[in-house]
Every structure is written in C-alpha cells, then in structure tokens.
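S.K.: Have a look at this one.
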Amino acid sequence: MGLLVAAGSSITVNLGQTLAKPSQSLIVILAITLLAVAPSLLVLLTGFVRIVVVLSLTRNALGLQTTPPNQVLAGLALFLSLFLMMPVLKQVNQVAVQPYLHGKESAVAAYREAEVPLRSWMLKQTGPSEMALTESVDHEHPAKPQDISMAALVPAFLLSQLKSAFIIGFVVFVPFLIIDLVVASALMSIGVVMLPPTLVSLPFKLLLFVMVNGWVLITHSLVVSFR
C-alpha cells in the first residue's frame, strides 16, 4: 500500500501493487539468511553427496583412513559441485536474482523462476524408481514430473545420488580388491602369516593409483556421470 500526501490537504492512497527495488537492509537480511542455509542447500540440491561419497570410498579402497583428510575431500567436492552447477546458477541469476534486484519481479515470482532451472537439473539426475517412491508418498500425484513438489523431489534426488555414488564406488573397489587378494595369496603361499596383507598391498595400490593418475580419473568419471 502506498500513501502519497499532495500539496495542500488532499491525500491520495494507492492500493495497487507496484514493483520496486528491494532496500539495502532487505538485501543484507536475505544474504545472511542464504549464508545460514547454504550448507543445507549445498548438500540437498547439488551433486555434493555423490562426489563426497565417491571420494570417501576411493580413500577407503586405497586402505587409507585419514589421508587425504576430510577437509580436503570436502573442499574438492565443494568446488566440483560449484563447477557442475555453474550453468544452473547462471540461469538462476539471469531469470530470478537480477530481475528481483532491479525491481522487475516480486520475491515470490523470483522464487518461482529460480525453481525452474534447478528443478529441471534435479529431474535429470533422479532415477525413475526413486521418483516413483516419493510420488507414491506424495498425495498430489502430479500429471508430469515438472509439477512434482520440491518436498518430494529432494529425497528422490538424494536417493539417486547415493545409488550412483555406490555404483561408482563398487567399480573403484574392484581393482584394489584384486590386489589385496593377490598379495594375500602370495603371502600364504610363501608361509608368511604374521605380516598383515593390507600392509604389503598398500604400496602396490598406491603405485597403481599414481600410474593411472587416479584422482584425475575419478574426477573425470564423476563429472561425466552428471551429464
């Protein structure tokens, strides 16, 4: 509601809804709120879960418990997630953030516009079985996937991310498991039973991982899996 006091004693009341640029204080409040929920949004709406799970499984397959540290894996997963989400973030900024900051759209309209590219990306990464599971719980039963609510899409998306991560992790584990079996068989055949096989196989697994440029190979596989 706008209130305009003209010259003299006349008062004009404008009941129409007019768009205007948000104030600086409102922008600061929105920025602080976004920073507060950013970790949750990063985990729920991006490929962070798939990436960090695969990196953790790769470390376990190598037989290393704390190397690389969790901070390194989380940082790598963070920047890979931002790299993969950059086209979506640019589209959200173009169709929602900038129109709202310039007073061309309301906050509600900007939120709805921001949902469209994000929802489209999440639907591409969500499997049909996970989608069917959440749709069976959701009582709305949308006519097409684009109409599904975010409350039903987010858990289906996370389940798909976990499924894809474990599939990639299984493929990563196989060559290292073969090395462990070969080393254990060799030690038993020569009668060395007091030496842990994992201690002997660790250098061979590290050598294999370095020779095939393992981290680059894992990162490339993760990036390709999102396409």
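Derivation of every value follows stated rules applied to the coordinates shown; laboratory data play no part. Owing to the predicted nature of the structure, the values given are computational and were not obtained by experimental measurement. Reconstructed Cβ throughout: ideal geometry from the backbone, glycine too, with neighbour counts over all protein chains shown.
S.K.: Please give, to one decimal in nm, the separation of the simple spin-label points placed at THR198 and SER129, each 7 Å out from Cα toward the Cβ.
M.R.: In this crude label model, THR198 to SER129 measures out at 3.0 nm.
S.K.: Efficiency by 1/(1 + (r/R0)^6): what FRET value for TRP215 and LEU41, r their Cβ-Cβ distance, R0 = 22 Å, to the nearest 0.05? Intermediate values should be presented prior to the final figure.
M.R.: On the way: r = 27 Å, r/R0 = 1.21.
The value I calculate is 0.25.
S.K.: How far apart, in nm, are two points set 7 Å out from the Cα along the Cα-to-Cβ line at ALA109 and at THR66?
M.R.: Reported label-point gap for ALA109 and THR66 is 5.6 nm.
S.K.: Something else about it: What are the extents of the Cα atoms of the range 23-166 along their three principal axes, listed from largest to smallest and rounded to whole Å?
M.R.: Taking max minus min along each principal axis of the Cα atoms, the range 23-166 gives 55, 39, 22 Å.
S.K.: Sort 109-118, 52-61, 70-79, 31-40 by packing, meaning the average of other beta carbons within 10 Å per residue, with the highest value first. Kindly include the intermediate steps, with their values, before the conclusion.
M.R.: Details: 109-118: 16.2, 52-61: 20.0, 70-79: 14.3, 31-40: 9.7.
Order by mean packing, descending: 52-61, 109-118, 70-79, 31-40.
S.K.: Just round it to a whole percent: the fraction of Cα-Cα distances in the range 161-227 exceeding 20 Å.
M.R.: Working: 914 of 2211 pairs.
The share of Cα pairs beyond 20 Å in the range 161-227 comes to 41 percent.
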